[in-house]
Amino acid sequence: MEIAYYVLAVLAIISAILALEARDNIYAVLALGSMMLDVAGIFILMESYFLGLIQLIVYAGTVVILMIIAIMLIKATSMTEGYEHIGSDLKYEITTIILVLVSLVAVGITIVSKYEALKFSEIPLSTLGATLFGAYWIVFVLVMFLVGAIIGGAFTILSMAEEVKKE
Amino acid sequence: MIGTPEILILSLILLFVGIYGLTAKKNLVRVLISIEILINASLINIVAFSGALNSTSGLILALVGIAIAAAETTVGLAIMILLKKEFGTIDTTKISSLRGE
């Protein structure tokens with residue numbers, strides 16, 4: 001258990017550093033995805049199974065894909081975008097791909113080793129749901145409105161971008 | 001069971017990496033990535049204390065944090081697209097120098 005934690009922690013730190021230092025933005029986001037996977041594995045090891053799965057779905061899945069699509073949309077793949085293109089560095093790219101694969105294997109092993117615990121969790125989902133919709137229902141409603149407002153704001157900003165394009 | 005200090009050390013290291021990225025990097029994508037790293041460091045911290053105190057409140061806070069962070073990424077990317085269309089670059093130093101033109 002502790003060995004798995006140390007492996008995931010080291011992978012998360014290396015991925016975080018690579019996410020900032022990789023030359024290509026796409027590979028930087030892939031390294032970020034690798035870090036998200038490792039953090040999800042750490043959540044599962046800490047017996048916060050529901051949060052780990054949410055982290056896998058929302059962060060390692062949706063956010064990373066969204067960032068990659070946005071970067072490809074505006075063709076801002078190079079970190080030195082706007083300056084002379086130096087060219088991609090192969091060692092960063094290979095390291096990122098290896099990191100993502102190792103993180104996937106590590107999180108997969110963690111989930112398989114915790115499979116029985118996932119089925120019979122100490123804190124069942126019903127308790128989590130009862131807490132969320134019981135004592136914290138007002139927080140849940142406020143967050144719902146807040147997220148709605150944020151998404152509305154994002155649409156407004158994007159419509160401003162369309163107006164700029166027309167001008 | 002993993003001890004809380006080990007988890008807090010990981011959280012601290014990720015926090016420093018995030019602060020480094022936020023202060024040193026000029027590319028907007030890297031700034032967004034730094035913010036994500038910072039949020040993940042804080043989530044690890046919250047879950048560690050939640051586990052240590054054996055409370056579900058921390059998990060609820062972390063869930064709320066994930067929802068807000070995902071929405072924040074959407075706004076960040078929308079601003080990035082707007083700046084790219086307006087100034088033709090996502091370099092923060094170039095954007096600040098082009099602002100008065």
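The values are calculated or read from the model by the stated rules, or taken from the named source; none is laboratory data. Keep in mind that what you see is a predicted model, and the values were worked out from it rather than measured. Note: accessible area is taken over every heavy atom of the protein model, side chains too, but ligands, DNA and RNA are not part of it. Shrake-Rupley method; radii C 1.70, N 1.55, O 1.52, S 1.80 Å.
Numbers below:
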| quantity | calculated |
| --- | --- |
| Heavy atoms of B:F87: accessible area, 1.4 Å probe, square angstrom to 10 | 60 |
| Percent carbon-and-sulfur accessible area, chain B, ignoring ligands, DNA and RNA, probe 1.4 Å | 68 |
| Anisotropy class of the protein assembly as shown from Cα gyration tensor, a/c 1.5 cut | oblate |
| Taking chain B and dividing mean pair separation by its residue count, relative contact order in percent (alpha carbons under 8 Å, at least six apart) | 27 |
| Lysine pairs in the protein assembly as shown with Cα atoms under 26 Å, if 8 or more residues apart or on separate chains | 25 |
| Whole-Hz couplings from phi, Karplus 6.51/-1.76/1.60, listed for segment B:71-83; x for Gly and Pro | 5, 4, 4, 4, 5, x, 5, 5, 5, 4, 5, 4, 5 |
| Full-stretch length increase - B:A52, B:T23 - with 0.36 nm per residue and alpha-carbon distance subtracted | 7.2 nm |
